[in-house]
Amino acid sequence: MKVLRHNAYICAQLNKMALPQQQKYMPPKVIAVSTRFLVSRRLEGVARFTLETLQRITPNHPEHRFVFLFERPYSAEFIFSDNITPKVVFPPARHPFLWYWWFEWSIPRILRQVKADVFLSPDGFCSLSTPVKTAMVVHDIAFEHYPEQVPFLARKYYARFSGQYARRANRLVAVSEYTKQDLVNTYGISPQKIEVVYNGVNSIYMPLTVAQQQAVQQQYAGGNPYFLFVGAIHPRKNLANILRAFDQLKAGGNCNALFLVAGRQAWQCHDAMEVYQNMQHKNAVRFLGHLQQEELAQLMGGALALVYASVFEGFGIPIVEAMCAETAVITSDASSMPEVAGNAALLTNPHSPESICAAMQQLFFNAGLRNSLIEKGRLQRTRFSWDESAKKLWQSVENLL
């Protein structure tokens, strides 16, 4: 009996010694998430980040309850796991006045109802009217640098609230080191408050075989090689200067390439369309409209090069998508793009059509340079993974629980 008691005592002491090394038990928590950008067949930048991270986070943490807050009737495709409770929150926040209503009146009310422990906002907005701990993702603050490219009421709203949101949030997530530093410099945010979580890339972006490339070129470009632009037609995306550059390239002769534009027409697209109408070689330009990821992946894999020479980006997902499709990249020497591209792209001055044209000339006439950039892209693309993005985003949320 004494031996048994002694053994029990030893075991108890060993358990006490091991306890600090064990994972700390965390009771189930309620995480409310703004999912207002999750709209079927309209998944662009912010929505893509929201989708790719949440569809990994929620099934990986069945111990917690997630409340998804939509602003309109939602699709079942966005209910990724059984621990998600979807709620439609009135009103549909599609106007600056309704943004205020949604975030300052409706969101505080619903957070109280669901007894939320944390509010996660992947879209750069949060509520100033709730005590709930908040993690907010900032994709860019482009409006601070190019306010003229934002509609009047939205510009006034951003100017009034964006800085307040950044200071109110308990934790900030920036999608690039550039965006992190932009928040520090513009709003005076402490760097210790900001985590960098890169975007990832969809696995459907992959190299095509030669036969597949030829089929895509035949379908979209009559069998000709083509440069590809991906993104909304908006001043920040710089399509006007890119088209000027392509016109210069064609005017130089000996170039049978076409230029394909994959993206919807957004606000203030008239400058780009006016440039297009006045092009000498506008017959070599084709507008494809907004495409779904599957079709876009095929187009990317068949392109001679991606031309992504924006004037400003918070990240620039198409740069990494092109690298995964093993397509050469031309991008800008501005904002986050050199950080994302590394040494695996030609960098240009986005304000100079001549600079962009020179890069297009190099890639059209120099297959060796294209192959060199593709090879460097194979290494650069390994820095970006949605699995890693989801893991780091969850760590920021978990720090608030």
>> If you filter segment 368-401 for GluC sites (Glu not before Pro), then keep DSSP loop positions with at most 12 other Cβ within 10 Å, what is left?
In response: none
> Each residue of segment 202-212 in order: what ³J(HN,Hα) in whole Hz does its phi give by Karplus 6.51 cos²θ - 1.76 cosθ + 1.60, θ = phi - 60°, with x for Gly and Pro?
Replying inline: 5, 5, 6, 7, 8, x, 9, 5, 4, 5, 5
>> I'd like the Karplus ³J(HN,Hα) series for segment 178-190: coefficients 6.51, -1.76, 1.60, θ = phi - 60°, whole numbers in Hz, and an x wherever there's a Gly or Pro.
In response: 4, 5, 4, 5, 4, 5, 5, 6, 7, 10, x, 6, 5
> Please identify the GluC sites (Glu not before Pro) of segment 243-334 that satisfy two criteria: DSSP loop assignment and at most 16 other Cβ atoms within 10 Å. Which are they?
Replying inline: none
>> Taking a ≥ b ≥ c as the square roots of the Cα gyration tensor eigenvalues, with a/c under 1.5 meaning rounded and otherwise prolate when a/b beats b/c, else oblate, which class fits the chain?
In response: prolate
> Taking H as built 1.01 Å from N, whose amide H comes closer than 5 Å to the amide H of VAL137, not counting residues under 5 places away?
Replying inline: SER121, ASP123, GLY124, VAL173
>> Per residue of segment 159-164, what does 6.51 cos²θ - 1.76 cosθ + 1.60 with θ = phi - 60° give for ³J(HN,Hα)? Whole Hz please, x for Gly and Pro, Karplus curve as stated.
In response: 4, 6, 10, 4, x, 5
> Which stretch or stretches of segment 326-349 have amide N atoms under 19 Å from the point lying 7 Å from THR209's Cα along the Cα→Cβ direction?
Replying inline: 326-327
> Counting each DSSP H run of 4 or more residues in the chain as -39500 (n - 2.57), what helix-only mean residue ellipticity at 222 nm follows after dividing by all residues, to the nearest 500 deg cm²/dmol?
Replying inline: -13000 deg cm²/dmol
> Size of segment 210-383 along its principal axes in angstrom, Cα-based, largest extent first?
Replying inline: 40, 36, 32
> Pairing the Cα long axis of helix 386-398 with the longest principal axis of the chain, what angle in degrees results, from 0 to 90 and rounded to the nearest 10?
Replying inline: 40
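Take every DSSP beta bridge with both residues inside the chain and express the antiparallel ones as a percent of the total, to the nearest 5.
Roughly 0 percent of the DSSP beta bridges within the chain come out antiparallel.
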> Which of the GluC sites (Glu not before Pro) found in segment 53-134 are loop residues per DSSP with 16 or fewer other Cβ atoms within 10 Å of their Cβ?
Replying inline: GLU63
> Taking the chain as a Gaussian network, Cα atoms linked when under 10 Å apart, which of ALA211, ALA390, ALA262 shows the biggest mean-square fluctuation?
Replying inline: ALA211
>> What distance in nm separates the two pseudo spin-label positions at VAL114 and ARG72, each 7 Å out from Cα along the beta-carbon direction?
In response: 2.0
>> Taking the number of other C-beta atoms within 10 Å as the exposure measure, put VAL88, VAL67, VAL173 in order starting with the fewest.
In response: VAL88, VAL67, VAL173
> Counting only residues 5 or more places away or on other chains, whose amide H sits under 5 Å from the amide H of THR85 once H atoms are built in the peptide plane?
Replying inline: PHE66, VAL67, PHE68
>> Please arrange MET136, MET323 by how many other C-beta atoms lie within 10 Å of their C-beta, fewest to most.
In response: MET136, MET323
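Quick one: order PHE49, PHE37 by neighbouring beta-carbon count within 10 Å, fewest to most. Don't jump to the answer; show the numbers that get you there.
On the way: PHE49 28, PHE37 19.
Exposure proxy ranking, most exposed first: PHE37, PHE49.
Throughout, read-outs are computed from the coordinates displayed, never taken from laboratory work. Note that the structure is predicted; figures quoted are calculated from it, not measured. Glycine gets a Cβ as well: all are built from the backbone with ideal geometry, and neighbour counts include every protein chain shown.
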